[in-house]
Amino acid sequence: MTAPARSALKPLASPLSVAAVVLMAVPPVAAAGTPINERGPADPSGAVEVSNVAGTVRVSGWDRNEVEVTGELGEGTERLEFVAGDKVTRVKVILPGRSRNVDDTDLIVRVPAASRLAVNTVSADIEVSGVAGAQRLQSVSADIRTQAEAEDVECKSVSGDVTIHGTGKKALVTVTTVSGDATALKVAGEVNANTVSGNMTLGLGQTARSRVRSTSGDLTIASVLAQDGRFDVESISGDVRLELHGPVDAEFDVSSFNGEIRNCFGPKAVSTSEYAPGKELRFREGQGSGRVRLKTLNGDIDLCRK
Amino acid sequence: MTRPVDDRRIDAALGTLAREVEPPRDLWPGIAARLEASPGPSRRSWAWQAVAALVLVAVSSLVTATLVRRSPTPVAQQPVPASASAAMPVAFGPSFALNGEYAAARAQLAAELERRVATMPPSARQKLEANLAEMRRAADEINAALARQPGDPLLQELLLSTYQQELGVLASVNQLTGTSAAEEARQENVKL
């Protein structure tokens, strides 16, 4: 057996040096309200990644080729990591080890307007404005508010609410919540929205493809259906209300196992069986170039033209 | 009231007929054999297509969850408490069970969720568990309806998408809680 290294058998160092080592091992912790002031050059269409745990993240686009971060570090956080790379800028709130009490950190981030943006938080609200690049915004329990331009927007939350304001430009918008409500207004192009118990309110421009699904949340949708457009809406026990604006040219396939079906277009739903529940409604409006499918187990369905 | 004479004649004639008429031979074996040999699409083939689709979704969800997972701990060895991962019934109507690859992938996603769920903010955790239970109730209800009306296409479609949605929720929450902010909070045991 090899003898232990001599250094390991040395007597303990002086109390002063031990204290120094301990101090070095424990990272400094921010005091309440420690100001943040970071700035660095950025590619005008590069990526910006922001990560915070609790508090707020406010991101806005500007016409400079740089990223600026201001705000306040919450008490108990260690520091703000700010890395300005060629193509990617990273902003991250660092927590100290084994900390159990971390106060909110508020981040105000300015990015080149065409940046691609990714924000991840646990309970920090996310608010985005004036960012034209693709956005990927995720939070466990906080609310998300953003503006959609012509690039893809993906918002995901467990219990936070999601609000998206579009400009009518075509984009792919994806919203996923578990219990949070979702609102998307003036969004066009393609919409994928999925919730378990959140209520969804969608005011859509001309959409080519929309797929909306809930287990128990109510779905209220107003939309203009594009030529050859597709609408696919499903709910188990949530009610579904679809208002179609403008000219309508589509085949309709509507059915509910236990819910009522009300239709402003004229044709009435019929029972699918003499002895079992279930109603369906199939009809064509115009040439039938588009497809509208509405399906529920228990939820009522209202289909109307405005 | 006196019944017309024609009615009485008809009744008398009917009374002379045999109460039961036996078929000349047992027809059922022939019918059953032809049903078995039928090449057309059947409920069974539809259900297996649905199962195949779910397996695909499950495996892709699992791959996504695995990619965002940072812990080297093998998930399959984690104990799976009953709360968040309580199994959704993996029946598909009265005649089919979704097991094998689907069940394995789903169990792994649920185990991963169980590992992460403790670090979620309490209110979000409660809502998540309530919503997973909501999806299980929905699947139970549709399965019960399918038992009464086997082969109902609406019920089959809704059940399939309910299973898909559950997988989607499991994968999404795993991914959300595996992001850098959440992972940091988890590693540091931050109480939110």
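Taken together, the values in this text are just the output of simple stated rules run on the coordinates, not laboratory data. The structure displayed is predicted, hence computed values, not measured ones. Note that each Cβ is placed from the backbone with ideal geometry, even for glycine, and that neighbours are counted across all protein chains shown.
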Exercise. Return an integer: the convex hull volume of the alpha-carbon atoms of chain A, in Å³ per residue.
Key: 207 Å³
Exercise. Can you grab the distance from the C-alpha centre of segment A:84-145 to the C-alpha centre of segment A:224-266, Å, no decimals?
Key: 37 Å
Quiz item: Sorted from fewest to most neighbouring beta carbons within 10 Å, what does the list A:Cys304, A:Cys155, A:Cys264 look like?
Solution: A:Cys264, A:Cys304, A:Cys155
Quiz item: So for B:Met120, B:Met135, fewest C-beta neighbours within 10 Å to most, what's the order?
Solution: B:Met135, B:Met120
Quiz item: Hey, fewest Cβ within 10 Å first, where do A:Ser223, A:Ser129, A:Ser289 land in order?
Solution: A:Ser129, A:Ser289, A:Ser223
Exercise. Grab the beta carbon distance between B:Ala104 and A:Ala276, set R0 = 25 Å, and tell me the FRET efficiency rounded to 0.05.
Key: 0.10
Practice problem: Would you grab the residues whose amide H sits under 5 Å from the one on A:Asn263? Only those 5+ places off in sequence or on another chain, please, with H modelled 1.01 Å from N. | Solution: A:Leu303
Quiz item: So what's segment A:28-120 giving for Rg/Rh, alpha carbon basis, Kirkwood Rh from the mean inverse pair distance?
Solution: 0.99
Quiz item: How much length is gained on full extension from A:Arg284 to A:Asp302, taking 0.36 nm per residue of separation minus their Cα-Cα distance?
Solution: 4.8 nm
Practice problem: Based on the mean of other Cβ atoms within 10 Å per residue, sort peptides A:273-286, A:82-95 so the most packed one is first. | Solution: A:82-95, A:273-286
Self-check item: No Cys partner within the rule (Cβ under 4.7 Å), chain A
Solution: A:Cys155
Quiz item: Which net charge results for the neighbourhood of A:Ser129, defined as the other residues with beta-carbon distances under 11 angstrom from its beta-carbon, given Lys and Arg at +1 and Asp and Glu at -1?
Solution: +1
Quiz item: Under 19 Å Cα-Cα from A:Lys170, which lysines qualify once same-chain neighbours fewer than 8 residues away are excluded?
Solution: A:Lys186
Quiz prompt | Reach of A:Lys279 by Cα under 21 Å, taken over lysines that are not fewer than 8 positions away in the same chain | solution = A:Lys268, A:Lys295
Practice problem: Would you kindly derive the ³J(HN,Hα) couplings of segment A:69-76 from the backbone phi angles with the Karplus curve 6.51 cos²θ - 1.76 cosθ + 1.60 (θ = phi - 60°), listing them in order in whole Hz, with x for Gly and Pro? | Solution: 10, 10, x, 9, 7, x, 4, x
Practice problem: Provide the percentage of antiparallel DSSP beta bridges, counting only those with both residues in chain A; round to the nearest 5. | Solution: 20 percent
Quiz item: Which residues' amide hydrogens lie under 5 Å from the amide hydrogen of A:Gly130, considering only partners 5 or more residues apart or on another chain, with H built in the peptide plane?
Solution: A:Gly61, A:Gln147
